[in-house]
Amino acid sequence: IEIRKVQLGVRAEINVSAYRDRTYDGEVWKIAPTATMRDNIRSFEVAVLLKNASEELRPQMTADVDIIVTERDDVLQMPIAALVEKEVTAVYAQIPQERKGAFSVSARLSVSYAGDEKSYPALVDRVSDDERHHDDRIIHEVRIVVDDNPGEMQWGPTTPMTLAIEGGATLTDVMCDIRKDRDPYALRVVGDGPLPEDHSLIETEEIRLTIGERNEYSIEILAGLQDGDRVRVPELSRRDLFMWDE
């Protein structure tokens with residue numbers, strides 16, 4: 001699932017087990033055209049060409065290779081151990097192209113089943129730019145997250161729903177899919193004072209996140225947290241702490 005990120009010529013960093021204090025530069029030289037199966041895992045062999053190889057390196061040495069697929073400056077990130085996945089109720093609405101402009105990210109609205117008086121407060125999470133064709137119409141998918149994950153809204157067949165946008169239009173008979181997803185959250189520490197010695201007394205609030213790239217130890221934060229925010233990391237091990245400091 002990661003091979004799509006790997007391109008010929010991208011930079012790589014190689015660390016050899018015998019010389020942990022040294023890093024060797026390389027670049028992706030070859031990518032296998034077909035996958036191989038090992039331990040029920042499908043993978044592609046990638047050859048990395050060393051650019052500053054020295055005589056101390058020997059064939060068959062064990063090495064760790066980091067392939068650098070993305071590089072950006074001024075990235076807000078947090079330890080991946082602080083990421084909390086929370087079940088949410090998501091409504092995937094099929095919106096005709098001519099009504100797409102009525103929806104904007106973070107807009108409040110209410111959703112209800114067609115013919116049902118009960119409505120559920122929600123917000124617009126994502127408005128897709130991808131076009132789909134259905135019955136000679138162009139539609140866009142709008143993802144809507146329903147407040148408080150109501151248990152009575154469950155997976156089921158595509159169903160017509162009513163979407164009432166706060167201060168805006170009401171759309172009826174919108175075809176929707178309801179799913180139970182797991183969305184990213186963090187436990188942000190409330191306040192900026194010293195923390196109590198008893199960590200169970202730390203006051204936190206759930207913050208929904210928009211996340212970007214990730215590696216083994218950290219994750220990019222696109223929205224939800226700000227520089228300087230403190231988050232609670234459950235069961236942070238000494239190894240996690242060491243690698244994060246590194």
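The values are calculated or read from the model by the stated rules, or taken from the named source; none is laboratory data. Note that the coordinates shown come from a computational prediction; the quantities given were computed from them, not determined experimentally. Neighbour counts are summed over all protein chains in view; Cβ atoms, including those assigned to glycine, are modelled from backbone coordinates with ideal geometry. The accessibility values were calculated without ligands, DNA or RNA, using every heavy atom of the protein model including side chains. Shrake-Rupley method; radii C 1.70, N 1.55, O 1.52, S 1.80 Å.
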Counted residues, the range 188-222 - those being in contact with a Phe, Trp or Tyr (Cβ under 8 Å, 6 or more places away or on another chain), open to solvent by 50 Å² or more (accessible area, probe 1.4 Å) and under 16 Å from residue 233 (Cβ atoms):
2
For residue 178, indicate whether it is β-branched (Val, Ile, Thr), more than 23 Å from residue 127 (Cα to Cα) and at pLDDT 85 or above.
no
Within the range 153-163, the residues that are open to solvent by 50 Å² or more (accessible area, probe 1.4 Å) and touching a Lys or Arg at 6+ places or on another chain (Cβ under 9 Å) are 154, 155
Out of the strands (runs of 3 or more DSSP E) lying entirely within the range 96-199, which hold 1 or more residues that are over 23 Å from the mean Cα position of the chain (by Cα) and acidic (Asp, Glu)?
170-189
Say we look at the range 204-239 and pick out the residues that are under 23 Å from residue 2 (Cα atoms) and touching a helix residue (DSSP H, G or I) at 6+ places or on another chain (Cβ under 9 Å); which of these is modelled with the highest pLDDT?
219
Scope the range 132-152; condition surrounded by 10 or more Cβ atoms within 10 Å (Cβ to Cβ) and either within 17 Å of residue 173 (Cα to Cα) or of a type in the set (Asp, Glu) (or both); matching residues:
134, 137, 138, 139, 140, 141, 142, 143, 144, 147, 148
Restricting to the range 168-187, what's the tally of residues that are in contact (Cβ under 8 Å) with a residue 12 or more places away in the chain, open to solvent by 30 Å² or more (accessible area, probe 1.4 Å) and more than 25 Å from residue 211 (Cα to Cα)?
5
Considering each of 84, 91 in turn, give the residue that is in contact with a Cys (Cβ under 6 Å, 6 or more places away or on another chain) and under 30 Å from residue 157 (Cα atoms).
91
